[in-house]
Amino acid sequence: MSAIDPLVQANREFAQSFAGGLPGTPARKIAVVTCMDCRIDPVRALGVSVGDANVIRNAGGLIVEDTLRSLAISQRKLGTTAIMVIQHTRCGLSTYDDAEFRAELEAETGVAPPWGPSPFGAQEDNVRTAVEQLRTSALLPYTDDVRGFVFDVDTGLLTEVTQ
């Protein structure tokens, strides 16, 4: 049995009571960029419901090319005007060097990864960098309401990182 099979079964049960019919535009006009870490449940942690926000997840909650693409679509096509960046404590990206990881992948597969190395330093500095990248992006029309936070994976609390 595949690890995916129980998830498919859970979806069947979920679909029995699924209301559907929500618009594709986020009701709260917010986009959240956060890490893919399994310890973060942005819906529960932020008190939002399905349909309230666009949630964009990637390794580290970094502002990379695809994140900017998703945010540009979120703002320009789906009506969001605010961006919340959430990174977190004890992030796995702080446990290895991204350039070394790229080299390992290329050595093992013979294929150079299509992404560039992403430096990862002190958590608050990472969040400040992400917020600054968004506030200065020409691709985003709404950059006044961009704020950054660190989510504590042990307490569930957010701490705002100020510029």
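The values are calculated or read from the model by the stated rules, or taken from the named source; none is laboratory data. Note that this is a predicted model, so its numbers are computed, not measured. Backbone-built Cβ (ideal geometry, glycine too); neighbour counts: all protein chains shown.
Summary of values
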{"item": "Residue satisfying condition, being over 24 Å from Phe149 (Cβ atoms), of a type in the set (Val, Ile, Thr) and without any contact (Cβ under 8 Å) to a residue 40 or more places away in the chain, within set Ile73, Ile56, Ile4", "result": "Ile4"}
{"item": "Enumeration of residues in the range 107-128 that are under 28 Å from Lys29 (Cβ atoms) and either in contact with a Pro (Cβ under 8 Å, 6 or more places away or on another chain) or surrounded by fewer than 17 Cβ atoms within 10 Å (Cβ to Cβ) (or both)", "result": "Glu124, Arg128"}
{"item": "Of the criteria (1) of a type outside the set (Val, Ile, Thr); (2) closer than 20 Å to Gly156 by Cα; (3) part of a loop (DSSP other than H, G, I, E, B), which one Leu78 fails", "result": "(2)"}
{"item": "Candidates Ile30, Ile4, filtered to the one that is surrounded by 11 or more Cβ atoms within 10 Å (Cβ to Cβ) and β-branched (Val, Ile, Thr)", "result": "Ile30"}
{"item": "Subset tally (residues that are within 21 Å of Gly92 (Cα to Cα) and within 16 Å of the chain's Cα centre (by Cα)) for the range 125-159", "result": "13"}
{"item": "Conditions (1) touching a helix residue (DSSP H, G or I) at 6+ places or on another chain (Cβ under 7 Å); (2) crowded, with 16+ Cβ neighbours inside 10 Å; number of the one not met by Met36", "result": "(2)"}
{"item": "Evaluation of Ala53 against (1) over 16 Å from the mean Cα position of the chain (by Cα); (2) closer than 22 Å to Thr159 by Cα; (3) small (Gly, Ala, Ser) (one fails), failing number", "result": "(1)"}
{"item": "Members of the range 3-29 that are part of a loop (DSSP other than H, G, I, E, B) and at pLDDT 95 or above", "result": "Ala3, Ile4, Thr25, Pro26, Ala27, Arg28, Lys29"}
{"item": "Count of the range 144-163 residues which are in contact (Cβ under 8 Å) with a residue 60 or more places away in the chain and β-branched (Val, Ile, Thr)", "result": "3"}
{"item": "Number of positions in the range 84-141 that are within 19 Å of Met36 (Cβ to Cβ), small (Gly, Ala, Ser) and in contact (Cβ under 8 Å) with a residue 24 or more places away in the chain", "result": "4"}
{"item": "Identity of the residue in the range 153-163, under 28 Å from Ala99 (Cβ atoms) and modelled with pLDDT of 95 or more, that ends up surrounded by the most Cβ atoms within 10 Å (Cβ to Cβ)", "result": "Val161"}
{"item": "Residues (under 17 Å from Arg28 (Cβ atoms) and among the aliphatic types (A, V, I, L, M)) located in the range 74-98", "result": "Leu78, Ala82, Ile83, Met84, Val85, Ile86"}
{"item": "Yes/no for Leu139 being at pLDDT 95 or above and in a loop (DSSP other than H, G, I, E, B)", "result": "yes"}
{"item": "Complete set of residues in the range 64-88 that are at pLDDT 95 or above and β-branched (Val, Ile, Thr)", "result": "Thr67, Ile73, Thr80, Thr81, Ile83, Val85, Ile86"}
